[in-house]
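For reference, the structure is listed below as structure tokens.
The values are calculated or read from the model by the stated rules, or taken from the named source; none is laboratory data. Being a predicted model, the structure only gives us computed values, none of them experimental. Don't worry about glycine lacking a Cβ; one is built from the backbone with ideal geometry, like all the others, and counts go over all protein chains shown. Note: accessible area is taken over every heavy atom of the protein model, side chains too, but ligands, DNA and RNA are not part of it. Shrake-Rupley method; radii C 1.70, N 1.55, O 1.52, S 1.80 Å.
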Amino acid sequence: HDVAHLEDGRPYLSMEYLAGGDLDQLKGKTVGMRYALKLIRQVAQGLDSVHKKGIIHRDIKPANILFRDDNAVALSDFGIAKDLSVNTDLTQAGISVGSTSYSSPEQIYGQNLDQRSDIYSLGVILLELLLGNNPYKGENYAETVVNHTERPTPNLAMLQRPCQALLSKMLAKQP
């Protein structure tokens, strides 16, 4: 709702109060395909609005997807978002930003990013909702990086072909 500074100069941000918690509350649980796709669709629609303004979020993860009282979702935490129209960069080339467990290969390598990196992260969340765990998350940072950059998209035989095709596209190793 507002971004400003207090009298003493400290910045503040006020936003809508979302009492429904975040998507992290579903960690370790599987949800049905219809519900998972419904959630992902809402986030994708929010991302579409952001992407149309030339902004990439760069930190799509369950903790940044909040629930409203009516169970609709809202995307939050644009702390490391990037406006593609602004030529300055808070991060240097070669520096990875975001949560590694959900980061695209190009994000992990600190390469130039575009909207497809957010879509990759959203694909990891969809996979996690369907499986009940994040198959890319390793025991340590290095293992997680290798999993995202080298492990193929899991073949989910229990899913219908359209969902498998969607995941394969969202989780492409090359943008």
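So, in Å, what gap is there between the alpha-carbon centers of the range 55-71 and the range 130-150?
With the range 55-71 and the range 130-150 each reduced to a Cα centre, they are spaced 20 Å.
Is the chain best put as rounded, prolate or oblate by its Cα gyration tensor, with a ≥ b ≥ c the root eigenvalues, rounded for a/c under 1.5, and otherwise prolate when a/b is larger than b/c, oblate when not?
Oblate, since a/c reaches 1.5 and b/c is not below a/b.
With the cut-off at 24 Å, tell me which of the pairs Lys38/Lys82; Lys27/Lys82; Lys52/Lys82; Lys29/Lys52; Lys53/Lys137 have Cα atoms farther apart than that. Walk me through the numbers before you get to the answer.
Details: Lys38/Lys82 26 Å; Lys27/Lys82 27 Å; Lys52/Lys82 13 Å; Lys29/Lys52 33 Å; Lys53/Lys137 31 Å.
Lys38/Lys82; Lys27/Lys82; Lys29/Lys52; Lys53/Lys137, as the Cα separations exceed 24 Å there.
Looking at the range 119-175, which trypsin sites (Lys or Arg not before Pro) are in a loop (DSSP not H, G, I, E or B) and have at most 14 other Cβ atoms within 10 Å? Mind dumping the intermediate values first?
On the way: sites: Lys137, Lys169, Lys173; in loops: Lys137, Lys173.
In loop regions of the range 119-175 (DSSP not H, G, I, E or B), the sparsely surrounded trypsin sites (Lys or Arg not before Pro) are Lys173.
Taking all protein chains in place and a 1.4 Å probe, what share, in percent, of the accessible surface of the chain do carbon and sulfur account for?
Exposed carbon and sulfur together represent 52 percent of the surface.
Mind checking the per residue accessible area of the range 1-147 for me, 1.4 Å probe, whole number of Å²?
Value for the range 1-147: 57 Å² per residue.
Relative to the longest principal Cα axis of the chain, at what angle does helix 33-52 sit, 0 to 90 degrees, rounded to 10?
Value to nearest ten degrees: 40.
Stretch Thr30-Phe78 to full length: gain in nm at 0.36 nm per residue minus the Cα-Cα span?
Length difference between fully extended and current span is 14.6 nm.
Once fully extended, how much extra length lies between Gln174 and Val3, figured as 0.36 nm per residue of separation less the alpha-carbon to alpha-carbon distance?
Residue separation times 0.36 nm, minus the Cα-Cα distance, leaves 57.9 nm.
Over the range 95-175, what per residue volume does the convex hull of the Cα atoms give, in whole Å³? If you can, show how the numbers build up before the last one.
Working: hull volume 6.7 nm³, N = 81.
It comes to 82 Å³ per residue, whole-number rounded.
Near the amide H of Ile55, under 5 Å away, which other amide H atoms are found, from residues 5 or more places off or on another chain, if H is placed in the peptide plane?
Leu84
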